[in-house]
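Engineer: The structure is given below, and queries will be raised subsequently.
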Amino acid sequence: DTAVSQTPKYLVTQMGNDKSIKCEQNLGHDTMYWYKQDSKKFLKIMFSYNNKELIINETVPNRFSPKSPDKAHLNLHINSLELGDSAVYFCASSTILGKGSPLHFGNGTRLTVT
Amino acid sequence: DAKTTQPNSMESNEEEPVHLPCNHSTISGTDYIHWYRQLPSQGPEYVIHGLTSNVNNRMASLAIAEDRKSSTLILHRATLRDAAVYYCILTLRNSGGYQKVTFGTGTKLQVIP
């Protein structure tokens, strides 16, 4: 029973293409996140949604567009992919905002742009 | 934003206790202290968190200094499966009151058989 699941696990594509990564959580959480981990293993928050509403947007290029059709899903669409977009993207979820509730992460999507 | 400082790496012998330190001298009164770990090729995994008092769970213990400017994650008996990068994090609030979890560079723990 996977709590936070991401698809695909691996994504290899060429520069200029458009791709999407999907995320689903079955924990009943109301908040979901996207994180990017670069080649230096530094984890950086990109977006956060609460009840389908964008609450955190960390100066990410507008080529990245998150979409939350419902509380259990947060997808990430990337337009005009660039070499620098190569990274591992992690989805996460949590609940009880502002009270220190832990994040639950998926196992990541490794994106390689050639 | 309040930041944390951790050693880049630590070593421990298997089955011995491990104390992973973290300094957060600019912590504010509402910041929670969280610890996560990331095993190779996996997403970060929640370990423990606390606000002021020491905390215990099945994975580890968290000792928080009285002034809250530092904390220590304690693994009571290290196993090879505990080899990972351990992140000490302060959960921050943005202007809307929502928590934001920002990761630093973490401590890479090596467990020696």
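The values are calculated or read from the model by the stated rules, or taken from the named source; none is laboratory data. What you see is a predicted model, and the numbers here were worked out from it, not measured in a lab. Because the Cβ atoms are built from the backbone with ideal geometry, glycine has one as well, and the counts that use them run over all protein chains shown.
Engineer: Any idea which of B:SER53, B:SER25, B:SER71 is part of a loop (DSSP other than H, G, I, E, B) and within 14 Å of chain A (Cβ to nearest Cβ)?
Structural biologist: Values: B:SER25 fails: within 14 Å of chain A (Cβ to nearest Cβ); B:SER71 fails: part of a loop (DSSP other than H, G, I, E, B).
Going through B:SER53, B:SER25, B:SER71 in turn, just one is part of a loop (DSSP other than H, G, I, E, B) and within 14 Å of chain A (Cβ to nearest Cβ): B:SER53.
Engineer: Which number in (1) surrounded by fewer than 15 Cβ atoms within 10 Å (Cβ to Cβ); (2) closer than 22 Å to B:LYS3 by Cα; (3) at pLDDT 90 or above marks the one condition that A:TYR35 misses?
Structural biologist: (1)
Engineer: Right, something else. In the set A:SER68, A:SER93, which member is without any contact (Cβ under 8 Å) to a residue 40 or more places away in the chain and not aromatic (Phe, Trp, Tyr)?
Structural biologist: Of A:SER68, A:SER93, the one residue that is without any contact (Cβ under 8 Å) to a residue 40 or more places away in the chain and not aromatic (Phe, Trp, Tyr) is A:SER68.
Engineer: Condition (residue is β-branched (Val, Ile, Thr), within 12 Å of chain B (Cβ to nearest Cβ) and in contact with a Ser or Thr (Cβ under 8 Å, 6 or more places away or on another chain)) applied to the stretch A:12-24: is it met by at least one residue?
Structural biologist: If we filter the stretch A:12-24 for residues that are β-branched (Val, Ile, Thr), which is where we start, we get A:12-13, A:21.
Those left that are additionally within 12 Å of chain B (Cβ to nearest Cβ): none.
Within the stretch A:12-24 (the criterion being β-branched (Val, Ile, Thr), within 12 Å of chain B (Cβ to nearest Cβ) and in contact with a Ser or Thr (Cβ under 8 Å, 6 or more places away or on another chain)), the answer is no, since none of the residues qualifies.
Matching residues to (1) touching an Asp or Glu at 6+ places or on another chain (Cβ under 7 Å); (2) farther than 18 Å from A:GLN37 by Cβ; (3) of a type outside the set (Asp, Glu):
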{"site": "B:GLN42", "(1), (2), (3)": "no, no, yes"}
{"site": "B:LEU51", "(1), (2), (3)": "no, yes, yes"}
{"site": "B:ARG68", "(1), (2), (3)": "no, yes, yes"}
{"site": "B:ALA78", "(1), (2), (3)": "yes, yes, yes"}
{"site": "B:TYR87", "(1), (2), (3)": "no, no, yes"}
{"site": "B:THR91", "(1), (2), (3)": "yes, yes, yes"}
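Engineer: Which one of these does A:GLY16 not meet: (1) assigned to a strand (DSSP E or B); (2) more than 14 Å from A:ARG110 (Cα to Cα)?
Structural biologist: Answer for A:GLY16: the failing condition is (1).
Engineer: Another question, then. Give the residue, chosen from A:SER80, A:SER68, A:SER48, that is of a type in the set (Gly, Ala, Ser), more than 24 Å from B:PRO40 (Cβ to Cβ) and in contact with a Gly (Cβ under 8 Å, 6 or more places away or on another chain).
Structural biologist: The unique qualifying residue is A:SER80.
One line per residue, one yes/no per condition, for (1) surrounded by fewer than 14 Cβ atoms within 10 Å (Cβ to Cβ); (2) within 13 Å of another protein chain (Cβ to nearest Cβ):
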site: A:LEU54; (1), (2): yes, yes
site: A:PHE64; (1), (2): no, no
site: A:ASP70; (1), (2): yes, no
site: A:HIS73; (1), (2): no, no
site: A:SER86; (1), (2): no, no
site: A:TYR89; (1), (2): no, yes
site: A:ALA92; (1), (2): no, yes
site: A:GLY100; (1), (2): no, yes
site: A:LEU103; (1), (2): no, yes
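Engineer: Six or more apart or on different chains, Cβ under 6 Å: which pairs go from a residue in the stretch B:44-65 that's free of Cβ contacts under 8 Å to residues at least 60 places away in the same chain to one that's among the basic types (Lys, Arg) and buried (at least 17 other Cβ atoms within 10 Å of the Cβ)? Could you list them?
Structural biologist: B:GLU45/B:ARG37; B:VAL47/B:ARG37
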